[in-house]
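Just so it is clear, none of the values below were taken in a lab; they were calculated from the coordinates. Just so it is clear, the model here is predicted, and its values are computed rather than measured. Glycine gets a Cβ as well: all are built from the backbone with ideal geometry, and neighbour counts include every protein chain shown.
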Amino acid sequence: MSKQAQETDSQRATGKGSSARIKIGIVGCGEVTQIMHWPSLSQLAELYEVTALCDISPLVLETLGKRWNVEALDTDHRELVGRTDVDAVLVASPHAFHAEVTLAAIEAGKHVLVEKPMCMNQREAKEISAAQQKNQVVVQVGYMRRYAPAFLYACDAVKKIGSIKFARVRDFLGSNSLIINQTSAVVRDKHLPKSSQKEASRRDEELVTEALGGNRAEDVKTAYRLMLGLSSHDLSAMRELIGIPGKVLFAAQRAGGRYLAAAFDYGAFVCQFETGIDNIPRFDAHLEVFGEYKTLRVQYDTPYVRNLPIRVFTTESNGQGGVTTSDAHPAWGDPFVAEWKAFYDNVTQNRLPKSGPEDFLLDLELFTQMVELMCEH
């Protein structure tokens, strides 16, 4: 891309050009894009305009292009990131391709909101971080839970809880399809070439092996993939709420890597982590902090039904021999919308996101420690 084109993109994204709206190109048009990102961007039409779509499926592209009134349709992400009518890129492709697409977008001078996981291993994370610093663009990881008003409320409230005695991070849920199939109509291509699926699986296996080293058991690899997906939300939020643990005391996986447990050492207290995926159509996820006289719990619900309230429950001594409980719901709205609002502010104000590449690297370092302990149990 020419310097003049990059300057035009920058002016447009910061409101200095002819339009203050950020023009978005979407790479990966699967269920999270259809159910969550597109409605969020549509709701924020005064801030964003989707100008290009990219997916490996021509069927999905054509269907959504007509439905969403988007004319620029690409099956190759390199074409999309090179467009002059794209200021920023949403990366929502399969996990194994996140780093490749993110790096291509950065090199093209585009800002990036990349779905978690940002990448699969530490080498990729460091490459993305270096590219972001070199090109001075915004790269924000899609940790939408951390942008929810209730979570921000909890981060402030936990500072007033006094000395923390214990903490817990819990996330048990049924497979996403149990909820999605009842609540959404997702456009899918049932006739994608098997070669595409094999390439995605091959690359995933290659990157996981690079992350963990050779000769790791399949259940440990499955556990690592669960960390990259679901658990990255939980542990990233844990770090923001109560800080970075000194070390991992214990970690184990069972049931083929689909159920995990760990304990994190915070010096004065321990944080217990537990997660698993089953076939019960419900979502049981929370972070809980225990003080001497007060406990605080952030309760999440499924992200695949928009605008479900995230609540903060507080239980404390009333100083009169009894207990007072409260249920805080600070604001209506969806956390995906909240993260897109934050992305807009980060781009237009040239601000580093709290969930940037360096932040994601902290999660990968925790995952590595957990895997090492899992291999001992």
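First measure r as the distance between the Cβ atoms of ASP278 and LYS247, then evaluate 1/(1 + (r/R0)^6) with R0 = 22 Å and state the FRET efficiency to the nearest 0.05.
With R0 = 22 Å, the Cβ-Cβ based efficiency is 0.15.
Sorted by average packing, counted as other Cβ atoms within 10 angstrom per residue and highest first, what order do 314-326, 257-269, 31-43 take?
So the order, starting with the most tightly packed, is 31-43, 257-269, 314-326.
Can you list the DSSP H helices in the chain whose Cα atoms extend at least 24 Å along the helix axis and whose mean Kyte-Doolittle hydropathy is -0.5 or higher?
The qualifying helices are 357-374.
With the dipole of the chain worked out from charges on the C-beta (+1 for Lys and Arg, -1 for Asp and Glu) around the Cα centre, which of LEU173, ALA285, ILE128 lies farthest toward the positive end?
ALA285
If you count, for each residue, the other Cβ atoms within 10 Å and average over each peptide, how do 284-291, 73-80 line up from highest to lowest?
Per-residue Cβ counts within 10 Å, averaged per peptide and sorted highest first, yield 284-291, 73-80.
Is the shape of region 3-143 best called rounded, prolate or oblate, per the rule: a/c under 1.5 gives rounded, else a/b larger than b/c gives prolate, else oblate, with a ≥ b ≥ c the square roots of the Cα gyration tensor eigenvalues?
Here region 3-143 falls in the oblate category.
What nm value, rounded to one decimal, do you get for the distance between LYS134 and GLU107 when each label is placed 7 Å out toward the C-beta?
Between LYS134 and GLU107, the simple spin-label model gives 0.9 nm.
Nothing charged except the Cβ atoms of Lys and Arg (+1) and of Asp and Glu (-1): what's the magnitude of the dipole of the chain about its Cα centre? Round to the nearest 20 debye.
In debye, rounded to 20, the chain gives about 420.
Straight-line reach from LYS354: which aspartates and glutamates have Cα under 14 Å away, leaving out those fewer than 8 places along the same chain?
GLU240, GLU339, ASP345, ASP363
For the pairs LYS116/LYS194; LYS110/LYS221; LYS66/LYS341; LYS126/LYS221; LYS134/LYS165, note any where the Cα-Cα span goes beyond 31 Å.
LYS110/LYS221; LYS134/LYS165
Take the Cα radius of gyration of the chain and divide it by 2.2 N^0.38 Å, with N its residue count; two decimals is plenty.
Normalised Rg, Cα atoms only: 1.00.
Label GLN182 and ARG78 with points 7 Å out from Cα along Cα→Cβ: what is the distance between them in nm?
4.5 nm
Just to be sure I understand the model, the point goes 7 Å from the Cα along the line to the Cβ. What's the resulting HIS329 to GLU199 distance in nm?
If labels sit at HIS329 and GLU199, their model points lie 4.6 nm apart.
How would you order 304-311, 363-370 from highest to lowest mean count of nearby Cβ atoms within 10 Å?
Top of the packing list down: 363-370, 304-311.
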